[in-house]
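Here is the structure we will look at, set down as structure tokens.
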Amino acid sequence: MVTFSAFKANAQTILTSGDVMVCGWNNNSVNGYKQIQVVLLKAISSGTVFKIAATGFNSNSSTTFAYNARANTGISKWTSSTALPVGTVITISNDGTNIASDIGTMSNIPSSCGCGANGSPVLQNTNGGRFFIYQGTSPGDANYLDFSTTSTTATFYGTPLSFFGFQGTQSGYTGFLGTGTATSIQTYLPSDLVGNSIFHSNNAIGGYFNPSRSGYTTVTALRAALLTTSNWTTASGSSTVTIPSGNFTLGTTPSFTGSSTLNACSAGAA
């Protein structure tokens, strides 16, 4: 007998803080593309969505504290096309017109910042920046479900996953703010992301996690390694880095290799 449950669509995996981390980036273009590479630290089902924004924060209160988010930034959305294991690495590229990922699909959310359909956080300026990775209240493109407004005093409604900052060419900005006023470049570190954040100083404009991508006994050990700045190789000025390919493996988990073919989507596509 066929039951109704056989027709039930797979729901997206619910992610929590620390489940998606940056493992490489180039804020200078490589063959015309700026890049960010992330790793999944939780197995996910097909249809799972996470978003990346250049959102900063006005204080070290939590990400969801009223009016704490600087949400006048671009948002890009990644969607899994199939179930993926822990350790899967996703490379995202943007040439200023199209955004693409080597696994799953990418799109820029239209009108997410009042800066046009291609307001991608991957296209941040070289004078410093940040990547705020989160899972929204809805897998859809309606950014107002994730933030109360697209202003610099918005309230965030989603689930924060990780926060990544870099100095770039911004003089004196060597870490998340402790005092003063947040700007389009400089940001505070929210209290609920303290354990899942990293900041690269030394005028870093690109970099990658340098140690081996195998041999980690637990997700906790891998996450801790990713959040240690001495484990990274970075570049400054006009330089770029060659971000390694290949997935991370834990224990005896077999290695899975993603496709090298970019799944290009028109910027602003749903």
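Taking the conditions exactly as written (modelled with pLDDT of 95 or more, under 18 Å from the mean Cα position of the chain (by Cα) and either surrounded by 14 or more Cβ atoms within 10 Å (Cβ to Cβ) or not charged (D, E, K, R) (or both)), does residue 177 satisfy them or not? When the stated conditions are applied, residue 177 does not pass them. Among the numbered conditions (1) at pLDDT 95 or above; (2) assigned to a loop (DSSP other than H, G, I, E, B); (3) in contact with a strand residue (DSSP E or B) (Cβ under 8 Å, 6 or more places away or on another chain), the only one that residue 269 does not meet is (1).
Considering segment 77-105 alone, what residues qualify as being within 30 Å of residue 215 (Cβ to Cβ) and not in a loop (DSSP other than H, G, I, E, B)? Hits for segment 77-105 are 78, 84, 89, 90, 91, 92, 93, 101.
Taken residue by residue, segment 18-29 has at least one member that is in contact with a strand residue (DSSP E or B) (Cβ under 8 Å, 6 or more places away or on another chain) and assigned to a loop (DSSP other than H, G, I, E, B). Pairs needed: first member in segment 238-252, aromatic (Phe, Trp, Tyr); second member anywhere, part of a loop (DSSP other than H, G, I, E, B); C-beta distance under 6 Å; at least 6 residues apart or different chains. Matching pairs, first to second residue: 248/87; 248/213.
Yes or no, residue by residue, for (1) within 19 Å of the chain's Cα centre (by Cα); (2) crowded, with 22+ Cβ neighbours inside 10 Å:
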position	(1), (2)
134	yes, yes
156	yes, yes
160	yes, yes
169	no, no
183	no, no
187	yes, yes
194	yes, no
214	no, no
219	yes, no
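Considering the conditions (1) touching a Leu at 6+ places or on another chain (Cβ under 7 Å); (2) closer than 20 Å to residue 26 by Cα; (3) at pLDDT below 95, residue 197 is excluded by exactly one of them, (3). Within the option set 189, 227, being in contact (Cβ under 8 Å) with a residue 12 or more places away in the chain, under 24 Å from residue 74 (Cα atoms) and among the aliphatic types (A, V, I, L, M) holds for one residue only, 189. Look at segment 41-59: where a residue is part of a strand (DSSP E or B) and a partner is among the acidic types (Asp, Glu), sitting 6+ places away or on another chain with Cβ atoms under 8 Å, you get 51/146.
Determine if segment 36-51 includes at least one residue that is buried (at least 23 other Cβ atoms within 10 Å of the Cβ) and within 23 Å of residue 155 (Cβ to Cβ). Yes, because at least one residue in segment 36-51 is buried (at least 23 other Cβ atoms within 10 Å of the Cβ) and within 23 Å of residue 155 (Cβ to Cβ).
The values are calculated or read from the model by the stated rules, or taken from the named source; none is laboratory data. Just so we're clear, the structure is a prediction, and the values are computed from it rather than from any experiment. All Cβ positions, even for glycine, are placed from backbone atoms using ideal geometry, and neighbour counts span all protein chains on display.
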